[in-house]
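Okay, so here's the structure we're looking at.
The values are calculated or read from the model by the stated rules, or taken from the named source; none is laboratory data. Treat the numbers as computed from the prediction; the structure is a model and nothing was measured. Please note: Cβ atoms are built from the backbone with ideal geometry, for glycine as well, and neighbour counts cover all protein chains shown. Remember, those area values only see protein heavy atoms, side chains included, never the ligands or the DNA or RNA. Shrake-Rupley method; radii C 1.70, N 1.55, O 1.52, S 1.80 Å.
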Amino acid sequence: MTMRIGLQKRAITGISLLLMALAVSLMWISLYQGSDQIRSQLLKRGRVAADNLAYNATYPTVIRDTASLGDFLDGIMAEKEVLYCGIFDDAGTSLAERLRPVFMLHELDVVESDVTEEGLHNMLRHTVADVIASDDHREYVEYEGMVYFQVPIHIDHGSSDELGSELGLYGLGGALDESATSEDNRDVIGAAVIGMTTHYIEETIADLRDNMIWITALAILIAMVIVSVVVRLSIRPINELVVATGRVAGGDYDCKVREGRNDEIGDLARSFNTMTGDLKKSRDALVEKELLEALVVELRETQEQLVQAGKLAALGQLAAGVAHEINNPLAGIMGYAQLLTEKLRRREVEGISAEEVPKITSYVENMEKQSQRCKQIVQNLLKFARASSKEEMVDVDINAVVRETLALVDHQLSQSNITLETRYADHLPPIRGQEGKLQQVITNIVINAMQAIEDRGTITVSSELDNDRVLVRVADTGVGIPGENLDKVFEPFFTTKDLGRGTGLGLSVTYGLVHDMGGEISIDSTVGVGTTFTLAFPVAGVEPQRAVPRNGTIERTSQPLDGP
Amino acid sequence: MASKPGHILIVDDELVIRSLLSEMLSEEGFTVATASDGQSGLEMMNDGQVDLVISDVHMPVMDGSKLVTELRKLNPDLPVIVMNSIPDRDITTPADDRAIATVNKPFDLHELRSTIRRLRNRPRINPVHRTKSALGRPRDAARDAL
Ligand SMILES: Nc1ncnc2c1ncn2[C@@H]1O[C@H](COP(=O)(O)OP(=O)(O)OP(=O)(O)O)[C@@H](O)[C@H]1O
Ligand SMILES: [Mg+2]
């Protein structure tokens, strides 16, 4: 697993390293330049001191005034860096020299403590002798922590006569025309030597370096603090954005980030907020759409129920009207037929021979029977119209209900080329249901079957017991339902029929009614061959879900189904 | 109580029903009067003796239910047979009114005859005791009738 290094840490580390490198190199450059300067100042001082000494020593050297020379040298020795100074004649003999006592140097830690007075002085003298002896005309010679300046003491030929008279101004004038005076006009009469220790400047340089290191370190520290604060401040909104993005991804569209800044991050925050707002809007729109769709579905269901209720109400009204209108004349027909039968029985009808009486009686009885049938039809119609949820769930003999229902469509069927076959199973246990609803279910399915048969065909209605369920099958030899429509036929308003012929409600209502009664409906269809609708209702007193038959209470039928 | 023929009032807006019933009942010895709606039927109650009323439910001017209510105001004991042409739409009759019976159209003549017989022969409150104070003792009346 790789460790995740945050943007913030990376930025801080990167910028800090860069700053450090910059600071350190800057420090080195300044340290280098600083020590160089310190050195060159030392060299300049030494040079000037040596020049002055040589100049001032000219006359005393000429006259061998060692006392004056000593005074000059003492003056030079006032400079603490000077460890040695001396005047030599042109033969290299020392006219005067001064050496700093070694204990002072020890105290000041200029030389190692094991360096003795004699050793130091010998070393100095030896070196100076070397310097003098050498023909080296460099401005200085550096050797073992010391810088030696050797300046020749000389007199100018052209101005030698002025020596005595203008002594006070000599040095100044000499110094002034020195540049103009050529080497050839000079006579070297000796040399002034000054030896300066580099200890002090080294110390100064070391101090400088230490200070610089401290300052640099401090600067780096401060810079790092500033960098991390700045980075943190600039990255925090990014972090906030990262967190906010996570929350939005998690579905919290109300999440907003601060957008106060007037920079790219501020822009990002603003676009983020806009985006979140848009997301929220579209999410809301989506939710609204879903709600709307649910509402449409609900509306459809309600409409469907209303249509169904309306259908039923209209049918109920119609049935009532029909019943009233038909029952009165029917009562007349039946009543008179009965009266006639009675009269015939009592031989009260004249002009009819005794042999003819039974025949005529049977005619009248036939009239009566047919009227009875009419009465039945009207009653069924009323029952069907009454189909509503008001009805109580009762034990129903499904065979009886199917018979009654088919009687209603029987007439219509006999007008067509459709043959109706029925096979009812004997001894079917009752189911729990509502007669009106069952009638409506069967009517809907049988009417569909009739409409599916284009010219001639057969509708077979059968009942059977299947474990704990009573099955009713309505099979037709009609056009069939294509596979892609099998799921749709139960949807409200799905119809393949012409406008006005089908509302597409029949099966959806049927489905609802069957399920209301705890039943199930299924379709088996082959295009061009036919369709079978199967209704399954749990036997009364058996839980609908129970698949295990309660042997003993339910008589299992294995007898052949009875014919039509 | 002996079932001797009496006076029967038939109320129906359908002519065929009126003539069928008067034919049948007069042949059986009843004195029959007819009316074509509840209002005129009610008026005929004042014209003479009526022992039983056979009435349709659905009629113009005054329907069967209203007629029954009015008849009960005149005589709480009068036997009434209500003929209903819409079987499942029961007319509302007082549940404890034992002098009312319903038949559904189209009816069977035997059924109608037996209903008439049953109503005429039913135990009834003795008219002598039909005072307000006597109404609280229907059992005595029933015993008298037996
Ligand atoms: N027995 C069948 N054979 C072939 N197709 C059928 C059969 N039963 C139903 N269908 C198909 O299912 C569709 C839906 O049937 P449903 O009864 O719901 O409505 P409908 O018959 O078109 O109209 P409605 O029943 O409201 O008059 C029908 O249009 C038809 O295409
Ligand atoms: Mg249909």
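Annotations
- For B:VAL32, the residues 5 or more places off, or on other chains, whose built amide H falls under 5 Å of its own are B:ILE8.
- Projecting the Cα positions of A:VAL441, A:LEU535, A:THR496 onto the charge dipole of the range A:391-549 (unit charges on Cβ atoms of Lys, Arg, Asp and Glu, taken about the Cα centre) puts A:THR496 furthest along the positive direction.
- Just the protein heavy atoms count here, and of the accessible area of the range A:1-127 at 1.4 Å, carbon and sulfur take up 59 percent.
- For the range A:391-549, the spread of Cα positions along the three principal axes, ordered from largest to smallest, is 42, 30, 29 Å.
- Charging the Cβ of each Asp and Glu at -1 and of each Lys and Arg at +1, and nothing else, the dipole of the range A:333-488 about its Cα centre rounds to 460 debye.
- Where B meets A: accessible area buried, both sides, 1.4 Å probe, Å²: 1900 Å²
- Shielding score for B:48-58, defined as the mean number of other chain Cβ atoms within 10 Å: 1
- Accessible area (Å², 1.4 Å probe, nearest 10) - A:PHE494: 50 Å²
- Annotation: amide H-H contacts under 5 Å for B:SER55 (H modelled 1.01 Å from N, sequence separation of 5 or more, or interchain): B:VAL11, B:ILE81, B:VAL82, B:MET83.
- Nearest-10 value in Å² for the accessible area of A:MET367, using the 1.4 Å probe: 100 Å²
- Solvent-accessible area of A:TYR148, all protein chains in place: 0 Å² (probe radius 1.4 Å, heavy atoms, ligands and nucleic acids excluded).
- With 0.36 nm allotted per residue and the present C-alpha distance subtracted, the A:TRP214-A:ASP71 stretch has 47.1 nm of extension available.
- FRET efficiency for A:ARG270 and A:GLU484, using Cβ-Cβ distance with R0 set to 56 Å, rounded to 0.05: 0.65
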